[in-house]
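Chemist: Pasting a structure below so you can have a look.
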Amino acid sequence: MSRFYDGFQPKHAARCDSCQTSPIFGSRYKCNECDNFDLCEECYSIDKFGVANTSHNEAHSVKMILSNLDEKAYSVHTQCCNGCKTPKYPGNRYKCKVCSDFNLCERCHGDDRFAPFDNENVSHINSHEMEVCTFSEQKHHNYEQWKGMTIKLQHHFGSQLGTRYWDKHNSNNPEEWKNLGKKIGHALYGPPTVIPTDILIFGYNSTVTLMIRSLKFVKIN
């Protein structure tokens, strides 16, 4: 991988114990209670733990580990979550106004989880008032955050366009060109906005259609 990505890796050197995907891209979810049990973002979100799993369940606390890329692209809190031991996390942080140095991420605050293990004694209780800590809106991002956001945007467009190289499409074939144009439109402008016609063949208004058509004559090395 290009040196441009040094320190901005989008993946973890780990295997998802549910779907067996390796490496894990995006956030990695590591169980605090099981021995060496990891989930990818998709399996964690749907409580899919794998057919071979005999120990992990949804009651276990799970630490979220951001990829290097996401750490740079997002604004993150660096106060460790007391509920799941997640060291860095985006979104809101909930700080107890009664306890000393007690913080929860959004997941643990929503689940009323105050410690990684059920048998762990904690002084925090539901009735304690929590301060919601958010990030102030930035007019300008620092270089690393800007670079991280740029790489994520590039990855998004690449996934929307598919894995086939552009120069393998025969732009002189009307059907192939129309399908490629639709992929480009979806990646750059989102889902189609109009019903395709003989003129608006990609499903977008005339301005967007002209912009997509202009790419047909751009040489990609």
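The values are calculated or read from the model by the stated rules, or taken from the named source; none is laboratory data. None of the values given here were measured: they were computed from a predicted structure. Neighbour counts are summed over all protein chains in view; Cβ atoms, including those assigned to glycine, are modelled from backbone coordinates with ideal geometry.
Chemist: When you scan segment 161-185, how many residues do you find that are assigned to a helix (DSSP H, G or I) and modelled with pLDDT of 75 or more? Can you show your working first?
Modeler: Kept after step one, since they are assigned to a helix (DSSP H, G or I), are these residues of segment 161-185: 161, 166-168, 174-185.
Those left that are additionally modelled with pLDDT of 75 or more: 174-185.
Counting residues in segment 161-185 that are assigned to a helix (DSSP H, G or I) and modelled with pLDDT of 75 or more gives 12.
Chemist: Could you check, for segment 48-55, whether at least one of its residues is surrounded by 19 or more Cβ atoms within 10 Å (Cβ to Cβ), farther than 30 Å from Glu131 by Cβ, charged (D, E, K, R) and not assigned by TED's automatic domain parsing to the domain that holds His128?
Modeler: The initial filter retains those residues of segment 48-55 that are surrounded by 19 or more Cβ atoms within 10 Å (Cβ to Cβ), namely 49.
If we keep only those that are farther than 30 Å from Glu131 by Cβ too, we end up with 49.
Now restrict to residues that are charged (D, E, K, R): none.
No: zero hits.
Chemist: Specify which of the listed residues (Cys31, Cys108, Cys84) is out of contact with any helix residue (DSSP H, G or I) (no Cβ under 7 Å at 6 or more places or on another chain) and not assigned by TED's automatic domain parsing to the domain that holds Pro10.
Modeler: Cys108
Chemist: Still on this structure: Suppose we filter Asp118, Asp70 for residues that are among the acidic types (Asp, Glu) and out of contact with any Ser or Thr (no Cβ under 7 Å at 6 or more places or on another chain); which single one remains?
Modeler: Exactly one of Asp118, Asp70 is among the acidic types (Asp, Glu) and out of contact with any Ser or Thr (no Cβ under 7 Å at 6 or more places or on another chain), namely Asp118.
Chemist: Okay, moving on. Return the residue satisfying two criteria in turn: it lies in segment 181-195 and is over 17 Å from Leu153 (Cα atoms) and surrounded by fewer than 14 Cβ atoms within 10 Å (Cβ to Cβ), and of such residues it is farthest from the chain's Cα centre (by Cα).
Modeler: Only one residue tops the list, namely Ile195.
Chemist: Which of the numbered conditions does Tyr89 fail, given that it passes all the others? Conditions: (1) at pLDDT below 90; (2) in the same structural domain as Glu120 (by TED's automatic domain parsing); (3) not polar (S, T, N, Q).
Modeler: Evaluating Tyr89 over (1) at pLDDT below 90; (2) in the same structural domain as Glu120 (by TED's automatic domain parsing); (3) not polar (S, T, N, Q) leaves (1) as the failure.
Chemist: Do you know which residues across segment 27-47 are surrounded by 15 or more Cβ atoms within 10 Å (Cβ to Cβ) and either part of a loop (DSSP other than H, G, I, E, B) or on the phi > 0 side of the Ramachandran plot (or both)?
Modeler: Listed by number, the residues that qualify are Ser27, Asn32, Glu33, Cys34, Phe37, Cys40.
Chemist: Another question, if that's okay. Only residues that are over 24 Å from Asn68 (Cβ atoms) and surrounded by 10 or more Cβ atoms within 10 Å (Cβ to Cβ): list them for segment 91-111, please.
Modeler: Selection gives Tyr94, Lys95, Cys96, Val98, Cys99, Phe102, Leu104, His109, Gly110, Asp111.
Chemist: Please verify whether Lys95 is outside any loop (DSSP other than H, G, I, E, B), without any contact (Cβ under 8 Å) to a residue 40 or more places away in the chain, over 22 Å from Asp118 (Cβ atoms) and not polar (S, T, N, Q), treating the condition exactly as stated.
Modeler: yes
Chemist: Would you point out which residue out of Ser18, Ser22 is within 24 Å of Lys88 (Cβ to Cβ), in a loop (DSSP other than H, G, I, E, B) and free of Cβ contacts under 8 Å to residues at least 12 places away in the same chain? Spell out the reasoning first.
Modeler: On the way: Ser18 fails: free of Cβ contacts under 8 Å to residues at least 12 places away in the same chain.
On inspection, the qualifying residue turns out to be Ser22.
Chemist: Sticking with this structure for a sec: Among the candidates Thr78, Thr86, single out the residue that is hydroxyl-bearing (Ser, Thr, Tyr) and farther than 14 Å from Asn32 by Cβ.
Modeler: Step by step, each of Thr78, Thr86 is checked, and only Thr78 is hydroxyl-bearing (Ser, Thr, Tyr) and farther than 14 Å from Asn32 by Cβ.
Chemist: Continuing with the same structure: Taking the criterion of being surrounded by 13 or more Cβ atoms within 10 Å (Cβ to Cβ), more than 30 Å from Asp6 (Cβ to Cβ) and either within 20 Å of the chain's Cα centre (by Cα) or of a type in the set (A, V, I, L, M) (or both), would at least one residue in segment 134-143 satisfy it?
Modeler: No - not one qualifying residue is present in segment 134-143.
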